[in-house]
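Student: Below: one structure in structure tokens.
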Amino acid sequence: MAKIIHNDTVDVLLERVSIRAFKDEAIGLDVLNTIEQAAQNTASSQYLNDWSAIRIKDPAVKTEIARICNQDYIANAPVLYIFVLDQYRNSLIAQSEGVAVDSDEFTLKNSYRFSQAQNDAVLALHAMETAAESFELGTVILGSILGNIPELVKLLALPKYTYPVLGLALGKPDQHPDPKPRLPRDIQFFDDSYNAEPNRILDGIREYDREVQAYYDTRGKDLSERAYSDMTTKKATSTAALEMGFEHARAQGFDLEK
Ligand SMILES: Cc1cc2nc3c(=O)[nH]c(=O)nc-3n(C[C@H](O)[C@H](O)[C@H](O)COP(=O)(O)O)c2cc1C
């Protein structure tokens, strides 16, 4: 069995856990400037730089976002960024060069660019997350910002050709959770082609179920011996996710049919 090689970067990644309680301490501007630079230095599909991030400084806006997310702790996060995929800036460039951006000629509003811009925003957020953790800050990624997209669009004055992707809350950690178990390696990494044999995968999941149950047992949560399978099956049939889909993209100018 190959071993793990440690260095500072790898240790930051291996020790990462989501933090949902923060000390009431401000984060210095130099740290924020540094993590923003780390995000900006991320690769970007075809060099389109098609994402932006909004730092929420106003406590009232933070409280509104916590409400949209239905997660109170977000209002107390010392730093909160909302990452958006952004073709607005590029539409201004194209328009100033004579492109009719409201016509089919403008393809930055179509599905491929939308998904690539979303990738770019996620990669930049992840770089910021890791940079913040390297300063011993705690972070949590927030998909729950999509809980009410029209409200968020209005609150942040998001222009046409932008769309919210994820939030990132960070600050000095006020909790130290143990890392959650991860899947057995051989059902998540494959050699040369996907090994789709159901029994092999489900055997791995049974092993994982027991690990996840043991993890939650130590936290006083009484989950079944199918802990992970139960959680996954519940989410597999949850209709809450339907409200967070891309149906609001058209109102932001995107045409994802193409
Ligand atoms: C795309 C994405 C969206 C997430 N959204 C939320 C969220 O809205 N609220 C939250 O508390 N945690 C959120 N998380 C954190 C996950 O719940 C967490 O990563 C997962 O439970 C594994 O735990 P760990 O990060 O401590 O390893 C999100 C994570 C990702 C990658």
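Student: Residue by residue through the stretch 50-64, note down the ones that are out of contact with any Phe, Trp or Tyr (no Cβ under 6 Å at 6 or more places or on another chain) and either open to solvent by 70 Å² or more (accessible area, probe 1.4 Å) or part of a helix (DSSP H, G or I) (or both).
Tutor: Across the stretch 50-64, the qualifying residues are Lys57, Asp58, Pro59, Ala60, Val61, Lys62, Thr63, Glu64.
Student: Something else about it: Pairs only if they're at least six apart or on different chains, beta carbon under 7 angstrom, first in the stretch 90-116 and open to solvent by 40 Å² or more (accessible area, probe 1.4 Å), second of a type in the set (Lys, Arg); list them, first residue then second.
Tutor: Thr107/Arg113; Ser111/Lys258
Student: As an exercise: evaluate Glu225 against (1) closer than 17 Å to Arg182 by Cα; (2) at pLDDT below 95; (3) assigned to a helix (DSSP H, G or I) and give the number of the one condition it does not meet.
Tutor: Checking Glu225 against (1) closer than 17 Å to Arg182 by Cα; (2) at pLDDT below 95; (3) assigned to a helix (DSSP H, G or I), the one that fails is (3).
Student: Open to solvent by 10 Å² or more (accessible area, probe 1.4 Å) and in contact (Cβ under 8 Å) with a residue 24 or more places away in the chain: which single residue out of Ile141, Ile149, Ile145 fits that description? It would help to see each step written out before you state the result.
Tutor: On the way: Ile149 fails: open to solvent by 10 Å² or more (accessible area, probe 1.4 Å); Ile145 fails: open to solvent by 10 Å² or more (accessible area, probe 1.4 Å).
Checking each option against the conditions leaves just Ile141.
Student: Among the residues of the stretch 172-184, count how many are more than 10 Å from the ligand (Cβ to nearest atom), in a loop (DSSP other than H, G, I, E, B) and within 30 Å of Ile54 (Cα to Cα).
Tutor: Pass one, the stretch 172-184, residues more than 10 Å from the ligand (Cβ to nearest atom): 172-176, 183-184.
Now narrow it down to the ones that are in a loop (DSSP other than H, G, I, E, B): 172, 174-176, 183-184.
Applying the additional criterion that residues be within 30 Å of Ile54 (Cα to Cα) yields 172, 174-176.
Summing the residues that are more than 10 Å from the ligand (Cβ to nearest atom), in a loop (DSSP other than H, G, I, E, B) and within 30 Å of Ile54 (Cα to Cα) in the stretch 172-184 gives 4.
Student: Could you check Val212 against (1) in a loop (DSSP other than H, G, I, E, B); (2) within 16 Å of the ligand (Cβ to nearest atom) and say which number it fails?
Tutor: In the conditions (1) in a loop (DSSP other than H, G, I, E, B); (2) within 16 Å of the ligand (Cβ to nearest atom), Val212 misses (1) alone.
Student: Please find, among Ile19, Ile27, the residue that is closer than 26 Å to Gly147 by Cβ, surrounded by 13 or more Cβ atoms within 10 Å (Cβ to Cβ) and away from the ligand (no atom under 16 Å from the Cβ).
Tutor: Values: Ile19 fails: away from the ligand (no atom under 16 Å from the Cβ).
Testing whether each residue is closer than 26 Å to Gly147 by Cβ, surrounded by 13 or more Cβ atoms within 10 Å (Cβ to Cβ) and away from the ligand (no atom under 16 Å from the Cβ) leaves just Ile27.
Student: Can you confirm whether the stretch 120-136 contains a residue that is surrounded by 17 or more Cβ atoms within 10 Å (Cβ to Cβ), under 25 Å from Lys154 (Cα atoms) and more than 16 Å from the ligand (Cβ to nearest atom)?
Tutor: No, the conditions are met nowhere in the stretch 120-136.
Student: Still on this structure, I have one more. Picking from Ile74, Ile93, Ile54, which residue would you name as being β-branched (Val, Ile, Thr), within 16 Å of the ligand (Cβ to nearest atom) and modelled with pLDDT of 95 or more?
Tutor: On the way: Ile93 fails: within 16 Å of the ligand (Cβ to nearest atom); Ile54 fails: within 16 Å of the ligand (Cβ to nearest atom).
From the options Ile74, Ile93, Ile54, the qualifying one is Ile74.
The values are calculated or read from the model by the stated rules, or taken from the named source; none is laboratory data. All figures in this text were calculated on a predicted structure; none of them were measured in a lab. For neighbour counting, all protein chains shown are included, and Cβ atoms are generated from backbone atoms with ideal geometry for every residue, glycine included. Ligands, DNA and RNA are excluded from the accessible area calculation, which covers all protein heavy atoms including side chains. Shrake-Rupley method; radii C 1.70, N 1.55, O 1.52, S 1.80 Å.
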